[in-house]
Amino acid sequence: MRYRLTFVVGLAVGYVLGTKAGRERYEQLRKSAQQVAQNPAVRNTAESAAQQGRHFADKAYHVVSDKVGDRVPDSVAHRVRSLRERGTNGSGPDDWGTSNT
């Protein structure tokens, strides 16, 4: 019984000390991630990568639609149209303070 009590006390102390150190490390990582996300160079690079990705996706969409043509079911075509419309309308800032352009 004595060993069980010692084990439980050790487990509780380890948990308390571990969570305190874990919380500090979490806060440190969160602060670093926010600093990186707010860096203008990182924001510009992410913005240009997003624009380039949309450009290539648009080109791929046209190539695929030319090859597939009317063989796509209406439900899929409607879904793609609605996703494209939703993507162009939601150009506000996201959680990180960047714009979705």
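Computed from the C-beta positions of Val42 and Arg84, the FRET efficiency with R₀ = 30 Å rounds to 0.65.
With Cα atoms as the point set, region 2-66 shows a radius of gyration and Dmax of 24.5, 77 Å.
Since every read-out is calculated from the coordinates, none of them should be taken as a lab result. Remember, predicted model here, so these are calculated numbers, not experimental data. Quick reminder, even Gly has a Cβ in these numbers, built from the backbone with ideal geometry, and neighbours come from all protein chains shown.
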